[in-house]
1. Checking an interface number: how much accessible area is buried between B and A, summed over both chains, with a 1.4 Å probe, in Å² rounded to 100?
2. Rounded to the nearest 20 debye, what is the charge dipole size of segment A:17-72 about its Cα centre when +1 sits on each Lys and Arg Cβ and -1 on each Asp and Glu Cβ?
3. In nm, to one decimal, how far is the B:Glu476 label point from the B:Ile363 one, both placed 7 Å along Cα→Cβ?
4. Considering the rotational relationship between chains B and A, which residue of chain B contributes the beta-carbon of minimal distance to the axis, and what is that distance to the nearest Å?
5. Which value in nm describes the separation of the simple spin-label points at A:Met296 and A:Arg468, placed 7 Å from the Cα toward the beta carbon?
6. Determine the distance separating the Cα centre of segment B:249-277 from the Cα centre of segment B:99-175; give it in Å without decimals.
7. Counting only other residues whose beta carbon sits under 10 Å from that of B:Gly248, what net charge do I get with K and R as +1, D and E as -1?
8. Please return the longest stretch of chain A lacking exposed loop sites, where trypsin sites (Lys or Arg not before Pro) count only if DSSP places them in a loop and at most 15 other Cβ atoms lie within 10 Å.
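The values are calculated or read from the model by the stated rules, or taken from the named source; none is laboratory data. Values in this document were obtained by computation on a predicted structure and should not be read as measured data. All Cβ positions, glycine included, derive from the backbone under ideal geometry; neighbour counts span all protein chains shown. Note: areas computed on protein heavy atoms with side chains; ligands, DNA, RNA excluded. Shrake-Rupley method; radii C 1.70, N 1.55, O 1.52, S 1.80 Å.
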There are 2 protein chains.
Amino acid sequence: MGGDKGRWIKRIGVKIKPPSLGDNTGDTDRLIKGIEKSFPGSDIVLELALIKKTPGFLREHGYEVEALLYQDASKWKLFDLLAGQGERPLYGLAVDLGTSTVVVRLVSLDGDKVGAESSFLNPQTEIGTDILTRIQHAGRPGGLAELQKLVVERMNREILLVAAKQGITPEQIVGMAVAGNTTMAHLFLGLDPHWLCREPYIPAANRFPLLKAGEVGVGIQPEAPVLVLPNVGSYLGGDLIAGIVASGMAEREELSILVDVGTNAEIVLGNRDWLVGCAGAAGPALEGGVANMGMMAGPGAIDKVIIDGATGEVRVRTIQDVRPVGICGSGLIDLAAQLFLAGMIDVQGKFIAGKCGKKLKEIEGILNFIVVSSEASATGFDLTLAQTDIDSLLRSKAAMFTILSTVTSMVNVSLKDIANFFVAGTFGAYIDPRSAITLGMLPDLPPETYKPLGNTSLAGATKVLLSRKAKAKAYEIRDKITYVELNVNQEFMNLFSAARFIPHTDPTLFPSVRLS
Amino acid sequence: MGGDKGRWIKRIGVKIKPPSLGDNTGDTDRLIKGIEKSFPGSDIVLELALIKKTPGFLREHGYEVEALLYQDASKWKLFDLLAGQGERPLYGLAVDLGTSTVVVRLVSLDGDKVGAESSFLNPQTEIGTDILTRIQHAGRPGGLAELQKLVVERMNREILLVAAKQGITPEQIVGMAVAGNTTMAHLFLGLDPHWLCREPYIPAANRFPLLKAGEVGVGIQPEAPVLVLPNVGSYLGGDLIAGIVASGMAEREELSILVDVGTNAEIVLGNRDWLVGCAGAAGPALEGGVANMGMMAGPGAIDKVIIDGATGEVRVRTIQDVRPVGICGSGLIDLAAQLFLAGMIDVQGKFIAGKCGKKLKEIEGILNFIVVSSEASATGFDLTLAQTDIDSLLRSKAAMFTILSTVTSMVNVSLKDIANFFVAGTFGAYIDPRSAITLGMLPDLPPETYKPLGNTSLAGATKVLLSRKAKAKAYEIRDKITYVELNVNQEFMNLFSAARFIPHTDPTLFPSVRLS
């Protein structure tokens, strides 16, 4: 790491000549000179607290110490001194600060090795599962402080945990990069989110200064830098910037698109020359939050469905191959696509009784399709798909396709020009692009165009934590990206209506989709 | 001040367009853009606390505010927002942090006007009048914190006082420059001075970062910058750097010398190309601290003496023309010079009984010269000059002349080449160069070469507070000046012995001195 020019958090071994009558330079000045010797061109600053520590520490360790530095703009800030010469492993912490789930990951700063990792439910969900409730709560007396404390204290417990797993102390964590949406970033830093949800939706800041861990209350080395990824506005947050960094799309010549489906669908389109981003409501049904039998991706969640067109037999695969408990977003898409291909639902998603046969039953006046019978399920009940679930899924898929069509046509490119279609998140990890194309949710591109990226927020935070270039890139992306407002106007609604059919009212858009 | 490019502490009026759907830039980012519009090229940073304040403050004041900034290296730090547009007068505080006396001075940042000023006894004198005692005390448990607290709390009381005098609140003081010797600077910042008085005499730091007032505990605007002038080493402190700035000698082509006589004599020689500095014990007798009747310059102190060579009549002038109480350094020099010119002491400074006549009396076996009789004095006692006082004065003057000769010869210049002889401090304000030359204390230069500068530490701090150029100059001087160690070797002692005569064993060095 000492010699690694790519870092913005560095450890540098320094051995300086003890002072003498011939050279009575002050202790910190001598130390800085020593660092600059092995790290030429660095412009080093330090704070009073470290000036207080230096004289005693240098003498105690025979003028042979390790300096910890981080780069803040053009300066390098000397933020601590360690004994020894590199014996002590040092780590950074990458954080995906999600509205629902927070993931913390240790990353070795001496190599690039990912260390212990852990996730937890964002304890702010106690206040409210959705962002708006939390913003309202922040406006109550003490509410903002409470929200900040909830997440920071919970995070500190998790830090102790991952540090213990890794066999280090929290003080060996000497830097941190946090990617979250704009509201989560505000609440994490104790910034009032009041204006985020009120027209014209203004964040307190788009860029946050590098903070000290102690200042934020995070239980790592208190002087360690905390980088919170910048946001573009209320709707495009640091999590998406991290995603763009993780995808590498802003370095590519060809056109890419990044889709991150959470509560909102966030979409970025562009290449190394330009980037546009937009956000829209498209998510719930895709995250498994809507269907009767819907669940988050996890053990027992159906993530893959195959229906035999001839016999109507439904075969399912579950995560971890256990008895089925419910269905996750990707499973739902598979299921609907298979139902369509087997002719069991029509282009409007309505069950075709003649094809479904005994698998249809009416529950409280609504038609339901039995996906897994009570004998085969883990719950002892039938796992069923309601007509209303399909309707809801088709609205979501229509919203997604409409957003994709709109944003591409706004910048005068065709969906066909997309060379890389990056899909972030759990949704992206499990989805079968063929099924999504069959439904008309995703454009009819060659399946290899679709690239699942997993947790891009965490991956981006990890990159930014480790690399000066990635850090600079994040800010460059923030400045480059244009946020486009999706006007839900008559044209949008027309497109939306056309997209509610399977795959679309215009089948030429989906030439690869043919009924079996 | 807004338009004044020469400042490093600035107020800038900003009127920004309220946010809209068409421009949803974050509040602080919008504010920074607004500042950069009227202050192009500034590279602005700010801290979390101000990001917290900004959204509410901007809305409350209709997006029309005043920004307070200071320059730290190449960046401008936005440290507060004010309501209004320049209505509120803003001040800076220049501080001369002396071992004995501390002077605080308000300076308007809107003009250059010096405002209320006040001085107080450094309360660390309770612990010890001399520096060494204080350093020892700092080594005791809690000692360092106590010393810092003593001076900071006392200073805060004085700040309340000068603010009240000026009709402002302490929050209207938004910057501070402090000039003190190296030990005083360490104690002010809570830095351990332990190594300052131990070979090889190493300060914790030569340059101090800009600090926040709140961090040091000074009761002005808590985010205001506190600049502590840099030092060259243990012996050449920020007070001397301030003195060099105040004298302007580092900008002049011709050779200048600056002499600051305090407990030590500090001497700087040079011009715009080079500077050498040294320090040596020469002071006590010159500060009035040694003679029987000695006192600091103040009301009733004899500061001028004329002796009629024919009649032997002694006429004295006192500060504020009141009855004489004692004699200050400059008066002592006058007195000795006049005694010599009147033939009442010989070249070795010994009283000539035949000339002194009745004015001589023996007290406890030591010859004393009655300067002011008990009838004329304010004390009701004779004010007398003892033979031992003269001996002590001659040692001091010899030390001074030897130091001057040594430092000039070390850099191969002649005392005769000195175009400006700046004399700092009270000593410089009152001394008659003719008398000092007569005694052989100062070199035999044309009297107009001698320029009293008064409190150069305060004057330099004031300049640095007000001007970016002077601030840069201070650091430039620090880096340029070479500290020369005066080796008290055989040659030095030979010079010293020769200089103990009046004016010198080599009268050709003082051609202007002739007995009347």
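1. In total, chains B and A hide about 3200 Å² from solvent.
2. Dipole of segment A:17-72, to the nearest 20 debye: 180 debye.
3. 5.3
4. B:Ser74, 3
5. Placing both labels 7 Å along Cα→Cβ, they lie 3.9 nm apart.
6. Between the Cα centre of segment B:249-277 and that of segment B:99-175, the gap is 27 Å.
7. Computed value for this residue: +3.
8. The longest such stretch corresponds to A:351-513.
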